[in-house]
Amino acid sequence: MSEELAKKVEEKAKDGKLSCKEALGLAQALGVSPSEVGKAANEKKIKIAGCQLGCFK
C-alpha cells in the first residue's frame, strides 16, 4: 500500500467510515483497484459504508 493511498483514504473518511462511492472514485482517481482501497481502509481501521456491489468486505 502506498503512502499516498493511505493518506487519501484517511482524508476522505468521516467518523471512521468511507462511502462506497468515495472509495470507488478514489480507486479510479489514483489508478488502483478497489480492493487496494479496501485493504488500505482495513489497515487504517476504516469501514466501507453503503456498498451495494460487494466490492468491499
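The values are calculated or read from the model by the stated rules, or taken from the named source; none is laboratory data. What you see is a predicted model; the values in this text were computed from it and never measured. Every residue, glycine among them, receives a Cβ derived from its backbone with ideal geometry; neighbour counts consider all protein chains shown.
Brief remarks follow.
- Taking the stretch 1-52 as the range and being exposed (fewer than 13 other Cβ atoms within 10 Å of the Cβ) and charged (D, E, K, R) as the test, the residues that pass are GLU3, GLU4, LYS7, GLU11, LYS14, ASP15, LYS21, GLU43, LYS45.
- Unmet criterion (only one of (1) modelled with pLDDT of 90 or more; (2) in contact with a Cys (Cβ under 8 Å, 6 or more places away or on another chain); (3) not hydrophobic (A, V, I, L, M, F, W, C)) for GLN52: (1)
- Summed over the stretch 36-46, the residues that are within 8 Å of the chain's Cα centre (by Cα) and of a type outside the set (Val, Ile, Thr) give a count of 5.
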